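What follows is one structure encoded as structure tokens, with my remarks underneath.
The values are calculated or read from the model by the stated rules, or taken from the named source; none is laboratory data. Remember, predicted model here, so these are calculated numbers, not experimental data. Here the Cβ positions follow ideal geometry from the backbone for every residue, glycine too, while neighbour counts run over all protein chains shown.
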Amino acid sequence: MDYRQLKEDLIAYSKEIGIDKIGFTTADPFGELKNRLIRQQELGYQSGFEEPVIEKRTNPALLLEKPRSIIAIALAYPSKMSVRVESKKGARRGIFARASWGLDYHHILRDKLAKLEAFLAERVPGARLKSMVDTGELADRAVAERAGIGWSGKNCSIITPEFGSYVYLGEMITSIPFEPDMPMEDKCGTCTKCLDACPTGALVQGGQLNAQRCIAFLTQTKGFIPEEFRDKIGNRIYGCDSCQTACPENKGRDYHFHQEMEPDPETAKPLLKPILTISNRDFKERFGKVAGSWRGKKPIQRNAIIALAHFKDETAVEDLKEVVEKDPRPVMRGTAAWALGKIGGADASFILEKARAVEKDADVLAEIEKGISMIEE
Ligand code: B12
Ligand code: SF4
Ligand code: SF4
């Protein structure tokens, strides 16, 4: 079998089916990554969303019998909305990070990888192939870096010279001995713009993230957000793009190659108040198809409350009162109590005093106290 020709044919086919960049690497273990993951674990810098078994993350042979290569793919996503949201005074909105615009990218990339698998299976009978996107064991960025898709930026993202870092990544482990591509030269140089732009100091140093401080992580948790981060989250209701928007490599980058990735502005930048009481059914209908809904509606609702506090939106006091008085979830009641404290005013004060008299949950009571003391200050 002429594997060189097969590689060329596969590259040509990948372009036909809308894969923006493809690269090849060996299926050797990822030694440097392994040390890095152990260190991150020791430091408590991981998010907890990663595959927990480091061996599986770094040794492709544990995922596919006798692997010979890994094919990495990248698809560019838009950084600007083609259709703007209608801005009305006082109608405050939250923002989903770009990686959650349009249809959930997992579906889009998995579909492309399935097509590549079919292409290879037809030409190499008996080929063993295993694809993954994000939720698989491998570290998609480490694979992409080694396959020459882009370099690993100080903001941790894989940056492609063609599309910047606004690319989704996925890969396929294969039993086919494709010739590997060369990794790319790191072009960050002396720049530190991403480190300077990070609102929480989550980038400990170039290429090292403390996920526990990263807003992208915090917006996806389900409990109370530690107070030190609440103001910094601003109106982000899912994810964070600050270390990417600050990057000069992303300047002017805005690609609209994939119709499915076009955001519905009312979903990507939704009005905040209606989110507080959205039903499960409406949430599923409105947000169910975007990547940012994978943790359910609770984190989005909690973040919407934090965003209303960020805007000090006095018109939201009534909505927050409803949450404090009626929401069965302590995280929602407590965050709303804190938000009322931030917004302040006589009405907020009255609501909080009333809530203090009836609230039974210790965490919520602590938030009510915080809210009251903010108003008294
Ligand atoms: C867990 C996770 C998160 C966590 C932790 C992120 C992190 N940096 O570790 C949280 C929730 C915070 C997160 C946030 C985001 N994520 Co995320 N996430 C993942 C996931 C599932 C695993 C990442 C992981 O293993 N991290 C562990 C660290 C140690 O490894 P890494 O950064 O992936 O790999 C690099 C380092 O290990 C580094 N490295 C290794 N050894 C050494 C040694 C030295 C000395 C140095 C300097 C570096 C270094 O090189 C590797 C390659 O770049 C991947 C999908 C996957 N299965 O891989 C997506 C993934 C990384 N996320 C992605 C995206 C888009 C994001 C966000 C931009 C989303 C958003 N807008 O909010 C942010 C960006 C935050 C940031 N600055 O990294 C994309 C990245 C695309 C790209 N172009 O790079 C991925 C690949 C998903 C996908 N398939 O497209 N994510
Ligand atoms: S995603 Fe936001 S919080 Fe996380 S490292 Fe980048 S700028 Fe910092
Ligand atoms: S902002 Fe500068 S240092 Fe950070 S990833 Fe971009 S080029 Fe690299």
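Take the residues in segment 221-243 that are under 15 Å from Ala307 (Cβ atoms) and part of a loop (DSSP other than H, G, I, E, B); name whichever of them is farthest from ligand 3 (Cβ to nearest atom).
In this case the residue turns out to be Ile225.
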Scan Ala348, Ala366 and give me the residue that is buried (at least 17 other Cβ atoms within 10 Å of the Cβ) and without any contact (Cβ under 8 Å) to a residue 40 or more places away in the chain.
Ala348
Check Arg286, Arg329 and return the single one that is of a type in the set (Lys, Arg), farther than 30 Å from Ala346 by Cβ and touching a helix residue (DSSP H, G or I) at 6+ places or on another chain (Cβ under 7 Å).
Arg286
On the basis of being of a type outside the set (S, T, N, Q) and crowded, with 20+ Cβ neighbours inside 10 Å, does Val124 make the cut?
no
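Taking segment 164-210 as the region of interest, how many residues are over 30 Å from Ala114 (Cβ atoms), in contact (Cβ under 8 Å) with a residue 60 or more places away in the chain and hydrophobic (A, V, I, L, M, F, W, C)?
Qualifying residue count, segment 164-210: 2.
Counting only residues that are of a type in the set (D, E, K, R) and crowded, with 20+ Cβ neighbours inside 10 Å, which one in segment 206-231 is farthest from ligand 1 (Cβ to nearest atom)?
Ranking the candidates gives Arg230 first.
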Considering only residues that are of a type in the set (A, V, I, L, M, F, W, C) and within 16 Å of ligand 2 (Cβ to nearest atom), which ones fall in segment 93-108?
Ile95, Phe96, Ala97, Ala99, Trp101
The condition from (1) within 16 Å of ligand 2 (Cβ to nearest atom); (2) surrounded by fewer than 18 Cβ atoms within 10 Å (Cβ to Cβ) that Ile38 misses is numbered (1)
Six or more apart or on different chains, Cβ atoms under 8 Å: show the pairs whose first residue is in segment 86-104 and β-branched (Val, Ile, Thr) and whose second is modelled with pLDDT of 95 or more and in a loop (DSSP other than H, G, I, E, B).
Ile95/Asn235; Ile95/Lys269
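Give segment 244-263 a look and list any residue that's among the acidic types (Asp, Glu), in contact with a Lys or Arg (Cβ under 8 Å, 6 or more places away or on another chain) and assigned to a loop (DSSP other than H, G, I, E, B), or say none.
Looking only at segment 244-263, we keep the residues that are among the acidic types (Asp, Glu), and these are 249, 254, 260, 262.
Then drop every residue that is not in contact with a Lys or Arg (Cβ under 8 Å, 6 or more places away or on another chain), which leaves 249, 254.
Within segment 244-263, Asp254 is the sole residue that qualifies.
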When residues of segment 187-212 are filtered for being closer than 30 Å to Leu10 by Cα and in contact with a Ser or Thr (Cβ under 7 Å, 6 or more places away or on another chain), how many remain?
0
